[in-house]
Amino acid sequence: MIEIQNLQKKFKNNIVLKDITEHVDKGQVICVIGPSGAGKSTFLRCLNCLEQPTSGKVFFEGNDLTKINDKQLNQLREKMGMVFQGFNLFPNMNVIENIKLAPMKVKNIPEKQAEETGMKLLEKVGLAEKAKQYPDQLSGGQKQRVAIARALAMDPEVMLFDEPTSALDPEMVDEVLTVMHDLADSGMTMVVVTHEMGFAHEVADQIWFMADGYIQETGKPDEFFAHPTSDRAKEFLKKIL
Ligand code: ADP
Ligand code: MG
């Protein structure tokens, strides 16, 4: 579904991503972990070309995102849902309006249908009763669940998450992880940058460990957490576990 070839990303003289070649299969859940500043967010943003790679290629369903025009890129991006650390909901719209906006505007879905789909998604994330509330009336965990429902409303092929729980109070982390766990069980292809090692261990098909601008090692969670092979990963796990 996603193929990354010799991806490099520089900001001025700072080479943040040095040379990354990996792929994501349909239905796979990848958890990207690694120290702060490793380039994880930059990497995730290169997957949908929110950051333009300096060199290398990123293919999504066979299309080279680094080669196509903006219109084509925007069409493909619709199939890539993204959820960030911050909630990025529109504060002047209530929950269901937030969710149905993009399907109506971008995909020309009739309002009634967008509303129905939106309500189903709100049920899925356990927030149907909050449809008419405004973002500032919700807790952080609820906002993040709405952000997930909003991304799902575009019916994406893949969901990209960048530390979706790291801005949350601890007691709200689980409600968001549970929604993500259910999504993974439903077969969604997911790339998740996270510091939640329990989640990564339990839900990921593959761990990609990133440090110093490289994916230093990849592996199944059981193997990676029990027997990391790279020195950088050993060092990282020793610090956090
Ligand atoms: P991580 O998500 O693993 O903490 P980031 O991808 O956010 O790492 O950052 C990696 C490096 O890239 C950092 O040195 C950061 O300062 C730099 N960086 C990220 N985004 C930009 C940007 N827009 N402009 C300049 N430097 C950036
Ligand atoms: Mg980051």
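The values are calculated or read from the model by the stated rules, or taken from the named source; none is laboratory data. Because the structure is predicted, anything quoted here is derived from the model rather than measured. Counting neighbours? That spans all protein chains shown, and the Cβs are built from the backbone with ideal geometry, glycine included. With ligands, DNA and RNA removed, areas are computed over all heavy atoms of the protein, side chains included. Shrake-Rupley method; radii C 1.70, N 1.55, O 1.52, S 1.80 Å.
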Quick one: how many residues across the stretch 33-59 are in contact with a strand residue (DSSP E or B) (Cβ under 7 Å, 6 or more places away or on another chain), more than 10 Å from ligand 2 (Cβ to nearest atom) and either without any contact (Cβ under 8 Å) to a residue 60 or more places away in the chain or open to solvent by 30 Å² or more (accessible area, probe 1.4 Å) (or both)? 11
Filter the stretch 22-32 for residues that are open to solvent by 50 Å² or more (accessible area, probe 1.4 Å) and either out of contact with any Asp or Glu (no Cβ under 6 Å at 6 or more places or on another chain) or β-branched (V, I, T) (or both); which is farthest from ligand 1 (Cβ to nearest atom)? K26
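Select from the stretch 8-30 the residues that are in a strand (DSSP E or B) and of a type in the set (D, E) and list them in ascending order.
D19, E22
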How many residues are open to solvent by less than 60 Å² (accessible area, probe 1.4 Å), of a type in the set (F, W, Y) and within 16 Å of ligand 1 (Cβ to nearest atom) if we restrict to the stretch 186-241? 3
By my count, helices (runs of 4 or more DSSP H) wholly in the stretch 37-119 with at least 1 residues that are away from ligand 1 (no atom under 16 Å from the Cβ) and not hydroxyl-bearing (S, T, Y) are 70-77, 95-107
For the stretch 188-208, does any single residue satisfy the condition of being among the β-branched types (V, I, T) and touching a Lys or Arg at 6+ places or on another chain (Cβ under 6 Å)? yes
Would you say E171 is more than 16 Å from ligand 2 (Cβ to nearest atom) and either at pLDDT 95 or above or touching a Phe, Trp or Tyr at 6+ places or on another chain (Cβ under 6 Å) (or both)? no
